[in-house]
Amino acid sequence: MVNEWDGRHEDEGAPPGPGDVEAERLRRWRLLLGTDGPGGGERHGLTAEDRAVDAALAALYDRDTGGGGATSRTAGLGGSAPKVTKWLADIRTYFPQSVVQVMQADALERLDLVTLLKEPEFLEAMTPDIHLATTVLQLADVLPERTRQSARAVVETVVGSIERRIRQHTLSTVRSAINRSARTRRPRSADIDWPRTIAANLRHYLPERRTVVPHRLIGHARRRTGVQKDVIVALDQSGSMAESVVFGAVFASTLARLPSLQTRLVVFDTSIVDLTDLLSDPIDLLFATQLGGGTDINAALTYCSQLVTRPTETVLVLVSDLFEGGDRSALVRRARALRSAGVTMLALLALDDSGAPAFDHDLAGQLAALGVPAFACTPDVFPEVLEVALTGGDIGAWAQARAAAEAKGPG
């Protein structure tokens, strides 16, 4: 019972009595259920702040039941930009950031606020997040000129946040992976990595001589200044992959800063666009995408296969939910040919924070049988995935081990 008390009266020095606890329970149910909660449409017992919170929730979640004598309130935002901007300010005042993002996303869907995105005042009042950015990108072609600067600012803010989150970890992890992949087991004497060589030969320790006999030498390859690995990112830009497109584009742009990698970015739906030339500017890159439409993965892989010049040094990352609208059989044959040529290939069913995605399980199974593991991946984990791929590790085994560890939980 006491656990339901929110601590608002702790500074008064007296513990809550039974009446206080009951009143608090009713208050919470009233705010949660609105006019359907205890007390119906009555607002007595609510503080001024509670009433403001109640009004913000009502504007978004209450619905007109359409007669029959039912008491309810209609969504109170309508099509008025001033009302909406005030509501946005209110929810930032009364709710934590995580809740604000959820309510903004719900508002875009429930209250048909898409038309308001064409107003710069509305965009400037919104709190930029991944959901807003993807909505802006989907509407990019129809936004009027007066709104484009605000829309670009929204996307720029979100991209900057993602870059701060992933950039350093991605660059350091990939650099390390490339260096390890360049090791040789036939090093010149000056290039022998003695700590790794000793560790690899401990089984050959001779106690009587108090020494390790190095049956296998491990060393650093001569430093190369040119491109060492090729990475091709193929992004499915159908509507269901919107967040993955944003994260994938930012990752590709980050990888393009490494001179030891040759990074290419291909986006596709039923058509294919090579955006490699835009990798230096992730904002322009994202506005060049066309979120929505169908999916032709086979056509995308056919195009990507033409970009492969060094199969054994190439990693192909397909970001797609695998709901193929093209030729499935040809897709599988194309994946088989890429793998047979020596290309390292993986399918990311999602590259975002949204959790387990909906995907084509049958096609994912067929690809896995070819040595193309298919799994969802969060942005924070993607650098580790790429590290395994660049060093020639078993990506499928890595993904299974990580899934098992996450299922087991901490401890």
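The values are calculated or read from the model by the stated rules, or taken from the named source; none is laboratory data. Note that this is a predicted model, so its numbers are computed, not measured. Don't worry about glycine lacking a Cβ; one is built from the backbone with ideal geometry, like all the others, and counts go over all protein chains shown. Just the protein is used for accessible areas: all its heavy atoms, side chains included, with ligands, DNA and RNA removed. Shrake-Rupley method; radii C 1.70, N 1.55, O 1.52, S 1.80 Å.
Here the condition is being in a helix (DSSP H, G or I), open to solvent by 10 Å² or more (accessible area, probe 1.4 Å) and touching a strand residue (DSSP E or B) at 6+ places or on another chain (Cβ under 9 Å); of SER253, SER244, SER305, SER329, it holds for SER305 alone.
Checking every residue in the range 385-395 against the condition of being at pLDDT 95 or above and surrounded by fewer than 16 Cβ atoms within 10 Å (Cβ to Cβ) gives zero matches. Screening VAL227 against (1) touching a helix residue (DSSP H, G or I) at 6+ places or on another chain (Cβ under 9 Å); (2) open to solvent by 10 Å² or more (accessible area, probe 1.4 Å); (3) at pLDDT 95 or above leaves a single unmet condition, (3). For the range 139-161, the condition of being closer than 30 Å to GLU384 by Cα, modelled with pLDDT of 90 or more, open to solvent by 90 Å² or more (accessible area, probe 1.4 Å) and charged (D, E, K, R) holds for at least one residue. Number of residues in the range 97-112 that are of a type outside the set (A, V, I, L, M, F, W, C) and either modelled with pLDDT under 75 or open to solvent by 80 Å² or more (accessible area, probe 1.4 Å) (or both) equals 4. Residues in the range 198-219 that are at pLDDT below 75 and out of contact with any His (no Cβ under 7 Å at 6 or more places or on another chain) were compared, and the one that is most open to solvent (accessible area, probe 1.4 Å) is ARG216. Those helices (runs of 4 or more DSSP H) of the range 104-184 in which at least 1 residues are aromatic (Phe, Trp, Tyr) and more than 30 Å from GLU313 (Cβ to Cβ), considering only elements entirely within it, cover 120-125. Consider the range 162-174 and keep the residues that are under 17 Å from the mean Cα position of the chain (by Cα) and open to solvent by less than 60 Å² (accessible area, probe 1.4 Å). The one that is farthest from ASP353 (Cα to Cα) is THR170. Among the conditions (1) within 26 Å of ARG165 (Cα to Cα); (2) part of a loop (DSSP other than H, G, I, E, B), the only one that VAL372 does not satisfy is (1). It is to be established whether one or more residues within the range 165-177 are within 27 Å of GLY293 (Cα to Cα) and modelled with pLDDT under 90. Checking the range 165-177: not a single residue is within 27 Å of GLY293 (Cα to Cα) and modelled with pLDDT under 90. Residues of the range 165-179 that are over 16 Å from SER280 (Cα atoms) and basic (Lys, Arg): ARG165, ARG175.
The residues of the range 273-302 that are assigned to a helix (DSSP H, G or I) and closer than 24 Å to ARG333 by Cα, listed by number, are ILE297, ASN298, ALA299, ALA300, LEU301, THR302. Going by what's in this entry, would VAL273 be described as modelled with pLDDT of 95 or more, open to solvent by less than 10 Å² (accessible area, probe 1.4 Å) and under 25 Å from the mean Cα position of the chain (by Cα)? When the stated conditions are applied, VAL273 does not pass them. Taken together, the residues in the range 359-400 that are polar (S, T, N, Q) and under 24 Å from ARG334 (Cα atoms) amount to 2.
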